[in-house]
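Novice: Quick one: the structure is below, questions incoming.
The values are calculated or read from the model by the stated rules, or taken from the named source; none is laboratory data. Remember, predicted model here, so these are calculated numbers, not experimental data. Using ideal geometry, Cβ is built from the backbone for each residue, glycine included, and neighbour counts are taken over all protein chains shown.
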Amino acid sequence: MAKIFVLAEHRQGVIRDITYEILTKAREIAEKTGAELNAIILGNNIKEQAKALTEYAKNIFLIQDSKLENFNSEAYRQILTKLIKEHKPSLVLMGHTSYGIELAPRLAAALNTPLATDCIDITLEDGKLSVTRQMYGGKVNVEATARKAETYMATIRQATFTPKKPEPPINGQITELPSPLTAEISEKRFLQYVLPPPGGVDITAAEKLVGVGRGIKDQANMPIMEELAKSLGAVLACSRPIVDKGWLPSDRQVGSSGKTVKPKLYLALGISGAFQHVLGMKSSDLIIAVNKDPKAPIFSFADYGIVEDLFKIVPSLKNKINELRTQRT
Amino acid sequence: MNLDIIVCVKHVPETAEAELKIDSTGKNIEKTGLVYDINEWDDYALEEAVRIKEKQGGTVTAIIIGPQDSESTLRKCLARGADTAIRLTDSKFENSDAYATAKILHSIIKTLHYDLILTGMQAADDGNAAVGPILAEMLSIPHATMAKKLELGIGTAKVNRELEGGMEEQLEIRLPALISVQTGINEPRYVSIMGIRKAMQKEIKVLSLTDTGLTENDVGTAGSWINIEKLYVPPVEKQAEFLKGTAEEIAGKITEILKSRGLI
């Protein structure tokens with residue numbers, strides 16, 4: 001029976017959401033193609049986590065080894081190369097996450113297995129893989145197909161599929177396998193986790209946020225944004241480019257590599273709406289976006305959109321709000 | 001300790017603020033009118049390489065796969081501090097996916113001496129985030145992706161990798177290694193007039209398919225894992241209500257919305 005492999009992702013004892021998102025999509029593919037859904041979990045003392053997966057997959061391959069205490073792409077590559085060669089699954093899926101990005105391309109190269117990365121949809125039909133992915137920061141969608149192969153590999157974008165627990169639970173079995181790792185991985189060693197410096201501003205606690213992005217163009221424009229935020233009684237947040245340029249500290253970053261926020265108001269200024277950013281702010285109560293490009297993805301998430309030069313809108317808006325405040329006092 | 005560093009760069013259109021259209025083939029975007037520059041992630045990779053060279057000596061070689069026009073990106077690399085540059089140009093290379101791209105790079109890099117290979121973690125156009133680790137596998141050297149910090153030791157490097165939610169992990173990796181960098185690892189410098197002038201005199205080595213030892217079937221669509229069937233502008237599932245008028249009027253409308261929701 002054909003198999004579909006899903007690599008479970010976990011960190012510090014916690015299975016990450018992406019695992020359940022992929023398992024949900026993989027179950028759909030497994031049902032359509034008549035394949036058996038298998039989850040793979042590699043780690044140390046992770047039996048409990050493996051048990052959680054039995055609700056989602058028919059079979060769970062569990063490998064425990066002290067050398068797997070923390071994620072190590074080289075250890076994973078060695079183990080998965082062996083497992084995939086033995087079982088020849090039709091499809092191997094993992095997240096397009098910091099772990100998947102580190103592991104999948106190298107594993108695919110080691111096996112010469114066609115790999116599609118950062119997929120937002122995926123179909124396996126008549127032994128052929130087609131995927132949907134994005135280019136140009138989400139401005140264009142791509143339909144792509146893989147060269148015909150026995151096994152395909154794909155990484156899946158985070159928060160693309162909504163996890164659903166199978167009803168009734170699958171009640172799969174755990175197959176514990178001995179670790180094939182013989183020695184420590186000496187060429188690549190995990191040293192430690194590094195947490196962001198404590199202190200600073202907690203943007204997740206703010207009721208109102210003004211999010212600034214690449215469109216503000218110059219550091220010299222930051223004070224104008226700060227003044228608007230101040231008038232609004234809002235806190236200044238930003239997308240990745242602003243932190244990269246050093247215009248705001250990293251604790252102000254909204255998105256998958258920063259914070260997830262849910263304010264009552266998110267005013268997005270010059271933010272195009274790359275999915276990494278959107279992931280962190282799409283649940284805000286009210287989203288108003290100002291961007292010059294009418295097709296900017298941010299407008300698919302905003303309640304109100306303004307296609308205009310933000311440097312025209314920001315001063316007018318600040319004046320209007322200040323006027324209103326003066327009237328009230 | 002002198003280090004020989006290779007930086008793989010890409011020449012991509014700037015699309016952050018452009019409205020994109022699909023061309024008549026349906027497999028590409030309309031490129032006319034777009035401005036090309038070094039891929040943002042590669043810009044950080046190049047800067048990192050030059051900083052290492054300035055600190056501890058060595059060489060920086062920039063490699064690009066692209067049309068003749070991509071020479072402007074290589075000139076920028078030279079102006080920023082790269083010592084040598086190689087341009088791989090052949091119409092057969094077009095439409096190569098991450099795998100075929102890695103094969104082309106591998107064919108040349110395997111003939112060079114290097115202690116470190118730096119690349120951007122992804123390209124702004126196709127966003128595969130895959131060439132680096134595939135190339136590392138082909139070269140049988142360790143790799144790390146999404147580097148936010150790099151500290152070089154003797155024969156090893158400490159790499160801080162970006163994880164989700166603001167966290168990082170620190171790894172120790174043996175050299176020679178391939179490291180793909182995330183934006184924000186440094187602040188890329190501006191190019192000085194002197195640098196540009198000097199860079200114009202430097203020679204760029206130009207190679208084609210025959211120089212790689214690969215065949216037509218190894219590159220382009222024939223040599224790729226994944227091929228593009230069609231491009232389209234994503235369907236809009238939900239669309240914002242657009243506020244129109246003069247800046248003054250729009251500001252008034254926003255204020256009304258905020259007022260009605262008790263936000264001001």
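Novice: Name every residue in the range B:14-62 that is closer than 20 Å to A:Ala274 by Cα, assigned to a helix (DSSP H, G or I) and charged (D, E, K, R), in order of residue number.
Specialist: B:Glu40, B:Asp42, B:Asp43
Novice: Identify the residue in the range A:109-137 that is facing another protein chain (nearest Cβ under 7 Å) and closer than 25 Å to A:Lys58 by Cβ and, among all such residues, is surrounded by the most Cβ atoms within 10 Å (Cβ to Cβ).
Specialist: Top of the filtered list is A:Ala116.
Novice: Hey, can you tell me all the residues within the range A:229-244 that are of a type in the set (A, V, I, L, M) and either closer than 23 Å to A:Arg16 by Cα or in a strand (DSSP E or B) (or both)?
Specialist: Those that are of a type in the set (A, V, I, L, M) and either closer than 23 Å to A:Arg16 by Cα or in a strand (DSSP E or B) (or both): A:Val235, A:Leu236, A:Ala237.
Novice: Hey, can you tell me all the residues within the range A:228-282 that are under 15 Å from B:Ala16 (Cβ atoms), in contact with a helix residue (DSSP H, G or I) (Cβ under 6 Å, 6 or more places away or on another chain) and among the β-branched types (Val, Ile, Thr)?
Specialist: Answer for the range A:228-282, where residues must be under 15 Å from B:Ala16 (Cβ atoms), in contact with a helix residue (DSSP H, G or I) (Cβ under 6 Å, 6 or more places away or on another chain) and among the β-branched types (Val, Ile, Thr): just A:Ile271.
Novice: May I pose another question? If you go through the range A:29-47 one residue at a time, do you hit one that is assigned to a strand (DSSP E or B), over 28 Å from A:Thr182 (Cα atoms), at pLDDT 95 or above and more than 24 Å from the chain's Cα centre (by Cα)?
Specialist: yes
Novice: Could you list all residues from the range B:253-264 that are over 15 Å from A:Val307 (Cα atoms) and crowded, with 17+ Cβ neighbours inside 10 Å?
Specialist: Hits for the range B:253-264 are B:Thr255, B:Ile257, B:Leu258, B:Leu263, B:Ile264.
Novice: Being of a type in the set (Val, Ile, Thr), without any contact (Cβ under 8 Å) to a residue 40 or more places away in the chain and surrounded by 14 or more Cβ atoms within 10 Å (Cβ to Cβ) is the filter here; which residues of the range B:167-225 pass it?
Specialist: Of everything in the range B:167-225, just one residue is of a type in the set (Val, Ile, Thr), without any contact (Cβ under 8 Å) to a residue 40 or more places away in the chain and surrounded by 14 or more Cβ atoms within 10 Å (Cβ to Cβ), namely B:Ile173.
This table checks each residue for (1) of a type in the set (Val, Ile, Thr); (2) crowded, with 23+ Cβ neighbours inside 10 Å; (3) farther than 26 Å from B:Lys149 by Cβ; (4) modelled with pLDDT of 95 or more.
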| position | (1), (2), (3), (4) |
| --- | --- |
| B:Leu34 | no, no, yes, yes |
| B:Glu40 | no, no, no, yes |
| B:Arg51 | no, no, no, yes |
| B:Thr59 | yes, no, no, yes |
| B:Thr73 | yes, yes, no, yes |
| B:Thr84 | yes, no, yes, yes |
| B:Arg87 | no, no, yes, yes |
| B:Ile108 | yes, no, yes, yes |
| B:Thr111 | yes, no, yes, yes |
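Novice: I've got another one for you. Among the residues of the range A:137-148, is any within 24 Å of the chain's Cα centre (by Cα) and part of a loop (DSSP other than H, G, I, E, B)?
Specialist: Scanning the range A:137-148, I find at least one residue that is within 24 Å of the chain's Cα centre (by Cα) and part of a loop (DSSP other than H, G, I, E, B), so the answer is yes.
Novice: Just to confirm my filter: which strands (runs of 3 or more DSSP E) fall fully inside the range B:90-173 and include at least 2 residues that are facing chain A (nearest Cβ under 7 Å)?
Specialist: Output list reads B:143-152, B:156-162.
Novice: Let me ask something additional. Just the residues that are in a helix (DSSP H, G or I) and surrounded by fewer than 22 Cβ atoms within 10 Å (Cβ to Cβ), please, taken from the range A:245-268.
Specialist: Matches in the range A:245-268: A:Ser250, A:Asp251.
Novice: Within the range A:269-312, track down each residue that is in a helix (DSSP H, G or I), without any contact (Cβ under 8 Å) to a residue 24 or more places away in the chain and facing chain B (nearest Cβ under 8 Å).
Specialist: A:Lys312
Novice: Oh, and also: Which one of A:Leu42, A:Leu80, A:Leu62 is closer than 20 Å to A:Ile185 by Cα and within 14 Å of chain B (Cβ to nearest Cβ)?
Specialist: A:Leu80
Novice: In addition: Name the one entry in A:Thr155, A:Thr204, A:Thr151 that is within 12 Å of chain B (Cβ to nearest Cβ) and touching a His at 6+ places or on another chain (Cβ under 7 Å).
Specialist: A:Thr155
Novice: In addition: Is it the case that some residue within the range B:3-16 is within 13 Å of chain A (Cβ to nearest Cβ), surrounded by fewer than 20 Cβ atoms within 10 Å (Cβ to Cβ) and not small (Gly, Ala, Ser)?
Specialist: Yes, the conditions are met somewhere in the range B:3-16.
Novice: Being of a type in the set (Lys, Arg) and either surrounded by fewer than 21 Cβ atoms within 10 Å (Cβ to Cβ) or without any contact (Cβ under 8 Å) to a residue 24 or more places away in the chain (or both) is the filter here; which residues of the range A:70-108 pass it?
Specialist: Once the filter is applied, which keeps residues that are of a type in the set (Lys, Arg) and either surrounded by fewer than 21 Cβ atoms within 10 Å (Cβ to Cβ) or without any contact (Cβ under 8 Å) to a residue 24 or more places away in the chain (or both), the range A:70-108 yields A:Lys82, A:Lys85, A:Lys88.
Novice: While we're here: Of these, A:Ala104, A:Ala52, which one is among the hydrophobic types (A, V, I, L, M, F, W, C) and under 29 Å from B:His106 (Cβ atoms)?
Specialist: Of the residues listed, the single one that is among the hydrophobic types (A, V, I, L, M, F, W, C) and under 29 Å from B:His106 (Cβ atoms) is A:Ala104.
Novice: Provide a single number: the residues in the range B:232-247 that are within 7 Å of another protein chain (Cβ to nearest Cβ) and either loosely packed, with under 14 Cβ neighbours inside 10 Å or in a strand (DSSP E or B) (or both).
Specialist: Going through the range B:232-247 one residue at a time, the tally reaches 7.
Novice: Looking at the range A:207-228, which of its residues are assigned to a loop (DSSP other than H, G, I, E, B) and more than 12 Å from chain B (Cβ to nearest Cβ)?
Specialist: A:Asp218
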